[in-house]
1. If I ask for residues that are more than 12 Å from Ile62 (Cβ to Cβ), open to solvent by less than 10 Å² (accessible area, probe 1.4 Å) and part of a loop (DSSP other than H, G, I, E, B), which ones from segment 92-109 would you list?
2. Within segment 21-34, track down each residue that is surrounded by 15 or more Cβ atoms within 10 Å (Cβ to Cβ) and touching a helix residue (DSSP H, G or I) at 6+ places or on another chain (Cβ under 8 Å).
3. Quick one: in segment 217-228, of everything that is more than 13 Å from Ala180 (Cβ to Cβ) and part of a helix (DSSP H, G or I), which residue is least open to solvent (accessible area, probe 1.4 Å)?
4. Given the criteria open to solvent by 40 Å² or more (accessible area, probe 1.4 Å) and at pLDDT below 95, does Arg18 qualify?
5. Looking at segment 37-69, which of its residues are under 23 Å from Asp258 (Cβ atoms), open to solvent by 30 Å² or more (accessible area, probe 1.4 Å) and in contact with a Phe, Trp or Tyr (Cβ under 9 Å, 6 or more places away or on another chain)?
6. Across segment 155-179, what is the number of residues that are outside any strand (DSSP E or B) and of a type in the set (A, V, I, L, M)?
7. Cβ-Cβ distance below 6 Å, separation of 6 or more or different chains: which pairs start in segment 157-183 with a residue that is open to solvent by 80 Å² or more (accessible area, probe 1.4 Å) and end on one that is modelled with pLDDT of 95 or more and of a type in the set (S, T, N, Q)?
8. Being in contact with a helix residue (DSSP H, G or I) (Cβ under 9 Å, 6 or more places away or on another chain), of a type in the set (Gly, Ala, Ser) and part of a helix (DSSP H, G or I) narrows it down to one of Ala214, Ala192, Ala182, so name that one.
Amino acid sequence: MASIDAICQALARIAPLRLAESWDNVGLLVGDRSESAERVIVCLTITPAVVDEALSDNANLIVVHHPLPFKPLQRITTDSIAGSMLLRLIRSGVAIYSAHTAFDSASEGINQMWADALQLQDIQPLVAAEQDDHGLGSGRCGKLSKPMSLQSLVVAAANQVGATAPRRVGDADQIVNKVAFACGSGGSFLAAARRRGCDALITGEATFHTCLEAESSRIGLGLLGHYWSERFAMQRLAEQLASEFSELSIWASRGESDPIHAV
């Protein structure tokens, strides 16, 4: 077995916490670093179903992308879903670790995975990290190996992760040479994509007004769904941790799914 602290140290190497956004809540959020861990579950979001899975499979640690808690809690009671989940996990001695936006921006993090999957060239962060000389930062942008239509680009990105209901803002036949990517709720990176001279931004989700702004700016927008833009990376992270801690049982949540369904 390994200590929870040893796993935290490995995660901090994969996704240095200094890369996290100032508003984020990252690191070990619940638990005792000195405790041992034998079974680790990796997931995108802690939900009641994930809690059930963690407890039934005797997990000692949940490595989650979206922090729980995210915002400061004035009370932890069963009056809220978050409180109920935290109480169940704490009672069972299950620790929680989240890297969130640090993992988004890391050199081998989610946005870099997307840049590699789309075979982008001259890859750069959309927003460089302060005082960083290693090319790290939020989002990614780069040139396609060959120009393609916006429609083809969105379909190709969706196919990478099996996204079931991708959406597009902009002319389907618009030619894209340079593309930006920001996982999750990445619509706020539209202005950065425009400054970088990108023809399109691929993300998980964006607000209606961001979609209108993209249309007015003639920047194509591909919306894969928040879940689909990030969940695949949890499987990869679980595999990476499992290779480093071969003595442990580490798996990506088997019951996690996109809560949004097309009708």
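1. The answer is Ala106, Gly109.
2. So the first thing to find is which residues in segment 21-34 are surrounded by 15 or more Cβ atoms within 10 Å (Cβ to Cβ), and the list is 24-31.
Asp24, Val26, Gly27, Leu28, Val30, Gly31 - these are the residues of segment 21-34 that are surrounded by 15 or more Cβ atoms within 10 Å (Cβ to Cβ) and touching a helix residue (DSSP H, G or I) at 6+ places or on another chain (Cβ under 8 Å).
3. First, pick out the residues of segment 217-228 that are more than 13 Å from Ala180 (Cβ to Cβ): 218, 223-228.
Then drop every residue that is not part of a helix (DSSP H, G or I), which leaves 226-228.
Working: His226: 50, Tyr227: 30, Trp228: 57 Å².
Among those that are more than 13 Å from Ala180 (Cβ to Cβ) and part of a helix (DSSP H, G or I), it is Tyr227.
4. Working: open to solvent by 40 Å² or more (accessible area, probe 1.4 Å): yes; at pLDDT below 95: yes.
It is true that Arg18 is open to solvent by 40 Å² or more (accessible area, probe 1.4 Å) and at pLDDT below 95.
5. Those that are under 23 Å from Asp258 (Cβ atoms), open to solvent by 30 Å² or more (accessible area, probe 1.4 Å) and in contact with a Phe, Trp or Tyr (Cβ under 9 Å, 6 or more places away or on another chain): Thr45, Asp57.
6. Of segment 155-179, the ones outside any strand (DSSP E or B) are 155-166, 170-174.
Okay, now just the ones that are also of a type in the set (A, V, I, L, M), so 155-158, 161, 163, 165, 172.
Residues that pass the stated criteria total 8.
7. Hits for this filter: Asp173/Ser149.
8. On the way: Ala192 fails: in contact with a helix residue (DSSP H, G or I) (Cβ under 9 Å, 6 or more places away or on another chain); Ala182 fails: part of a helix (DSSP H, G or I).
Result of the check over Ala214, Ala192, Ala182: Ala214.
The values are calculated or read from the model by the stated rules, or taken from the named source; none is laboratory data. As the structure is a prediction and not an experimental result, all values here were calculated from the model. A quick note on method: Cβ atoms are made from the backbone with ideal geometry, for glycine too, and the neighbour counts reach across all protein chains shown. The accessibility values were calculated without ligands, DNA or RNA, using every heavy atom of the protein model including side chains. Shrake-Rupley method; radii C 1.70, N 1.55, O 1.52, S 1.80 Å.
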